[in-house]
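The values are calculated or read from the model by the stated rules, or taken from the named source; none is laboratory data. This is a predicted model, so every value here is computed, not measured. A quick note on method: Cβ atoms are made from the backbone with ideal geometry, for glycine too, and the neighbour counts reach across all protein chains shown.
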Amino acid sequence: MSKKIYLAYGSNLNHAQMRVRCPEATVLGQATLEGFELLFRGPHEAAVATVEPKEGSSVPVLLWETTSSDERALDHYEGYPYLYRKENIDVVFEGNVITAYIYIMNGDRPISTPGCYYYATIREGYKDCGFDEAFLKNAALKSAMGGSLDI
């Protein structure tokens, strides 16, 4: 069974959600995605997470080892290839550069506010990973202000 590394930055940080969605996936560990920022795009109070290139910014991420059936489940959840595209990206993990697949939103949806349930799901993922929740809060605030807040 071939396995691939998946890079999560949004609701798929949530361990309980991933156990249901991708029961064969295992956590490899945490990393930082350099040169990207976390934003929420979509309808007001229904926006979802994406990452976009931004020099000098970074996003905390979690690396999962996934099977092909896990990847198919993620493709379905992420609305691939319509809502999100899948890209391979290099990230430093435990001192080594590794390539992982990541879902990045397609199109130019407006920067906006995430829904409460979706935000809470990500927040639980931040707790699961021990990430600083202030980072998530600032990304949501910036998105609620249309991306004009430089945090």
query = Taking region 88-139 on its own, how many of its residues are among the acidic types (D, E) and in a loop (DSSP other than H, G, I, E, B)?
reply = 3
query = Is it the case that E45 is at pLDDT 95 or above and among the charged types (D, E, K, R)?
reply = no
request  = Test K86 against the criterion of being among the basic types (K, R) and either at pLDDT 95 or above or exposed (fewer than 13 other Cβ atoms within 10 Å of the Cβ) (or both), and give yes or no.
outcome  = yes
inquiry  = I'm told E37 meets every condition in (1) in contact (Cβ under 8 Å) with a residue 12 or more places away in the chain; (2) within 19 Å of A139 (Cα to Cα); (3) in a loop (DSSP other than H, G, I, E, B) except one. Can you identify the failing condition by its number?
reply    = (3)
message = Looking only at region 12-41, filter to residues that are exposed (fewer than 15 other Cβ atoms within 10 Å of the Cβ) and polar (S, T, N, Q); which one of those is nearest to V92 (Cα to Cα)?
response = T32
ask   = Is it true that M1 is at pLDDT below 95 and among the hydrophobic types (A, V, I, L, M, F, W, C)?
value = yes
key: Restricting region 42-54 to residues that are touching a residue at least 60 places away in the same chain (Cβ under 8 Å) and surrounded by 21 or more Cβ atoms within 10 Å (Cβ to Cβ), the residue that is farthest from A139 (Cα to Cα)   = G42
ask   = Of these, E71, E65, which one is over 13 Å from Y9 (Cα atoms), not in a strand (DSSP E or B) and not polar (S, T, N, Q)?
value = E71
inquiry  = Just to check your reading of the model, which residue among Y77, Y82 is out of contact with any strand residue (DSSP E or B) (no Cβ under 6 Å at 6 or more places or on another chain) and in a helix (DSSP H, G or I)?
reply    = Y77
remark   = Just one listed residue, out of G125, G56, G42, G95, is under 16 Å from A8 (Cβ atoms) and not hydrophobic (A, V, I, L, M, F, W, C), and it is G125
request  = Please indicate, with yes or no, whether at least one residue in region 27-40 is closer than 14 Å to G125 by Cβ and either at pLDDT below 95 or charged (D, E, K, R) (or both).
outcome  = no
